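Peer 1: Here it is, the structure, as structure tokens.
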Amino acid sequence: MTDKRKERKVPSGRMARLAKLGGLASAVAGNIVKGATKQMLSGQRPSLTESLRNIDNAISITKRLAHMRGAAMKLGQLLSMDAGELLPIEWEPILSRLRQEADPMPKAQLLKTLAASWSKDWHQQFSYFSFTPIASASIGQVHRATLKDGRQLAIKVQYPGVRESIDSDIDNVMNLLKLSGVLPKHIDLTSVLAEAKAQLKAEANYLQEAEFLNIYRENLGNDPRFIVPFVVDELTDKNILTMEYIEGSPITDISNMSAGIVDLVCSQLMDLTYQELFTHKLMQSDPNFANFLYQSDTQKIVLLDFGACRQLSQHTSIHYLAMADAMQRQDNNDMRSALYSLGLVDNNMSDTAIDIVVKTCFEASYCLQSNTGYNLKKQQLIKRIREVSMPLITDKTAIASPIFEVALVNRKITGMILLANKLGATLDFKSALAPYLLESAKQLNDET
């Protein structure tokens, strides 16, 4: 459910959205001046870096992007996932709000959008339609409804102007971040941003999402562990996605259940991630916990939101297998080779930085050694990885720029590991990967 955030009209015109970012730039600049003034009054030499770390800047950026929604907010979400690597770590608690919910649009704007897709008499086919969204995200918000034939629906309605503003939103936000100085100067994000624009345009086409949803239903077949909602085609177009409404509790609610349930659910989600990467080569790349529900009565996991699906290349799949194989064997040379193949390290990085990345992977490899399961939280694996990789966080020249799909795969895997860590799950990584690793050598030989 939404947290009663104030309804705000979505700025849909290019100039209106640019004005919002202009206001954001002014707010950030004002906070920098305020921070420098405080430093001077306390007898310190003004530091632009320290001023940029001002929490007021994170608050200003978060509020404005949540108001704008669309690609501006989505880019903020992606960057917030990497706080501490690209953005000041002090911003993380505030920016995490971007990974939750956006401000819902006003009823008048919603009605106009519905009428444009369904005609002015759209309401006649419904016996119930809730104008208060049950969820609101960066690209659209979701409403519950009931057709006169009794079907329970979840209806995702796209915010006006989102699709048309993707290019300008991304360019304007990145220009703002570059001007603020928080991004490393040596990082060339040109190709990544082009891919991001293409990805977001695909996400903003609900017909494409409906197609991915149907593919997932086919890929998972009769898998008893998962539920994928069906699409109501006659009420779906590029701006509105109408699906079966499925009951379920937030996936994080299983923290109140037995350790057995926690282990089982997290293991199933990790196994699904392996299937996506190694078998189907189609990944739902958004690890937002809100995209998963759990039904305690049926013990099934409900999968939601297929907008961020990505077809993966054979190359990416094969070399992730090679990476998993090298980590299982704790072979530093083969790990280094796989990292180069995936673009997670490159020749622009120092030998020291590359060595730290390899050491980080070696530390992560301990979860693949146990024959009885591995508890990430008890073993403090995330903490240990952060300690090993800390020099990379403070050295901005140590960041590589992998291809976009690799970044998305890393995001999904990291998200699932963070979920398991948050819930204190014990996972048998070794057994889960075993059937895929059997194919690793064969596939690598086939590619070469």
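Taken together, the values in this text are just the output of simple stated rules run on the coordinates, not laboratory data. Model, not experiment: these values are computed from the prediction. Virtual Cβ from ideal backbone geometry, glycine too; neighbours counted across all protein chains shown.
Peer 1: Using a Förster radius of 22 Å, what is the FRET efficiency between THR146 and SER249 based on their Cβ-Cβ separation? Nearest 0.05, please.
Peer 2: Approximately 0.55, to the nearest 0.05.
Peer 1: Now for a different question. For the cross-link pairs LYS120/LYS148; LYS201/LYS422; LYS281/LYS383; LYS120/LYS238, which exceed 21 Å when the distance is taken from alpha carbon to alpha carbon?
Peer 2: Details: LYS120/LYS148 17 Å; LYS201/LYS422 32 Å; LYS281/LYS383 31 Å; LYS120/LYS238 18 Å.
Table pairs above 21 Å Cα-Cα are LYS201/LYS422; LYS281/LYS383.
Peer 1: Label-point separation (nm) for LYS377 and ASP121, each offset 7 Å from Cα along Cα-to-Cβ?
Peer 2: My value for the distance between the label points is 5.6 nm.
Peer 1: Let a ≥ b ≥ c be the square roots of the eigenvalues of the Cα gyration tensor of the range 271-373; is it rounded (a/c under 1.5), or, if not, prolate (a/b larger than b/c) or oblate? Can you show the working numbers first?
Peer 2: On the way: a/c = 2.33, a/b = 1.70, b/c = 1.37.
Taking the square roots of the gyration eigenvalues as a ≥ b ≥ c, the range 271-373 is prolate.
Peer 1: At 7 Å along Cα-to-Cβ for each site, give me the label-to-label distance between ASN214 and ASN288 in nm.
Peer 2: The answer from the label model is 2.4 nm.
Peer 1: Now a separate question. Between ARG329 and TYR366, 0.36 nm times their residue separation minus their Cα-Cα distance comes to what?
Peer 2: Gain on extension, ARG329 to TYR366, equals 12.3 nm.
Peer 1: Counting Lys and Arg as +1 and Asp and Glu as -1, each charge on the Cβ, what is the dipole of the range 225-368 about the Cα centre in debye, to the nearest 20?
Peer 2: Working: 8 positive and 19 negative charges, 58 e Å.
Here the range 225-368 has a charge dipole of around 280 debye.
Peer 1: Between ASP167 and GLU387, 0.36 nm times their residue separation minus their Cα-Cα distance comes to what? Don't jump to the answer; show the numbers that get you there.
Peer 2: Details: separation 220, 0.36 × 220 = 79.20 nm, distance 3.73 nm.
75.5 nm is the gain from fully extending ASP167 to GLU387.
Peer 1: What size of dipole, in debye to the nearest 20, comes out for the range 321-381 about its Cα centre when the only charges are +1 on Lys and Arg C-beta atoms and -1 on Asp and Glu C-beta atoms? Write out the running numbers ahead of the final one.
Peer 2: Details: 5 positive and 7 negative charges, 70 e Å.
That gives a dipole near 340 debye.
Peer 1: So, one more: Between GLU234 and GLN314, what length in nm is gained on full extension when 0.36 nm per residue of separation is reduced by their alpha carbon distance? Present the calculation step by step, with values, prior to reporting the outcome.
Peer 2: Values: separation 80, 0.36 × 80 = 28.80 nm, distance 3.50 nm.
My answer for the length gained is 25.3 nm.
Peer 1: Shifting gears a bit: Tell me the GluC sites (Glu not before Pro) within the range 222-311 that lie in a loop according to DSSP and have at most 14 other beta-carbon atoms within 10 Å. Provide the component values of the computation, followed by the final result.
Peer 2: Details: sites: GLU234, GLU244, GLU247, GLU276; in loops: GLU247.
Those satisfying the criteria are GLU247.
Peer 1: In nanometres, what is the gap between the two model label sites at THR132 and LYS201, each 7 Å from Cα along Cα-to-Cβ?
Peer 2: Here the modelled spin labels are 3.9 nm apart.
Peer 1: By the gyration tensor of its Cα atoms, with a ≥ b ≥ c the square roots of the eigenvalues, what is the shape of the range 203-319: rounded for a/c under 1.5, prolate for a/b over b/c, or oblate?
Peer 2: Numbers: a/c = 2.02, a/b = 1.20, b/c = 1.69.
Oblate shape, in that a/c is at least 1.5 and b/c is the bigger or equal ratio.
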